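All remarks here apply to the structure that follows.
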Amino acid sequence: MINVFAAAPQGVQPAPHEIRMLAAGHQVAVREVSLAGVRDKDGLMLAFLSGLGLTQSFGRNWDALYDVLTDLEQISGRFALVLRDYDTFRQRQRRLGAELEGVLLDAQQSAQEQGRMLWLLTEEPDADTRHW
């Protein structure tokens, strides 16, 4: 198995199994954002607000999300953002998903330019645990 934390972040990647144990061994902070049930931009921003533990002052727009992901005070120098149900979300919300991915990749690039690591990892639920 390839250790995703052994290399620099490269776009949006599948999360390894036992993500938290692996991250702890590499001193990587992990936060999860569940995209299950997200139907619009407001719901998406609420998912990030909740998943990242942001305050209600979070601007709930693309610029605010980018700012949070590139802010050294908010995000550690080695940080993994786990996007749960990402592939399903992208299939359901193509335009919104493409906009989100653009912001995430820009933030990842900016972090790298600052000498920081921002992994963007996707995790899909097992088929037998989905409840439609």
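The values are calculated or read from the model by the stated rules, or taken from the named source; none is laboratory data. Just so you know, these numbers come straight off a predicted model, no measurement behind them. Glycine also receives a Cβ, built like all others from the backbone with ideal geometry; neighbour counts cover every protein chain displayed.
Spot the failing condition for residue 100; the list is (1) in contact with a strand residue (DSSP E or B) (Cβ under 8 Å, 6 or more places away or on another chain); (2) surrounded by 19 or more Cβ atoms within 10 Å (Cβ to Cβ), and only one is missed.
Answer for residue 100: the failing condition is (1).
Step by step: first the residues of region 33-83, then only those that are of a type in the set (D, E, K, R) and in contact (Cβ under 8 Å) with a residue 12 or more places away in the chain, then the one that is farthest from residue 109 (Cα to Cα). Which residue is that?
Filtering first and then ranking leaves 39.
If residue 22 meets every condition in (1) more than 14 Å from the chain's Cα centre (by Cα); (2) under 21 Å from residue 102 (Cβ atoms); (3) assigned to a helix (DSSP H, G or I); (4) not hydroxyl-bearing (Ser, Thr, Tyr) apart from one, which number is that one?
Evaluating residue 22 over (1) more than 14 Å from the chain's Cα centre (by Cα); (2) under 21 Å from residue 102 (Cβ atoms); (3) assigned to a helix (DSSP H, G or I); (4) not hydroxyl-bearing (Ser, Thr, Tyr) leaves (2) as the failure.
Could you figure out which of (1) farther than 22 Å from residue 114 by Cα; (2) surrounded by 18 or more Cβ atoms within 10 Å (Cβ to Cβ); (3) modelled with pLDDT under 95 isn't true of residue 53?
(2) is the only condition that residue 53 fails.
Regarding region 40-57, can at least one residue be identified that is of a type in the set (Lys, Arg) and within 15 Å of the chain's Cα centre (by Cα)?
No, region 40-57 contains no residue that is of a type in the set (Lys, Arg) and within 15 Å of the chain's Cα centre (by Cα).
Name the one entry in 115, 51 that is in contact with a strand residue (DSSP E or B) (Cβ under 6 Å, 6 or more places away or on another chain) and small (Gly, Ala, Ser).
51
Could you list, in sequence order, all residues of region 27-39 that are under 11 Å from the mean Cα position of the chain (by Cα) and either surrounded by 16 or more Cβ atoms within 10 Å (Cβ to Cβ) or β-branched (Val, Ile, Thr) (or both)?
30, 32, 33, 34, 35
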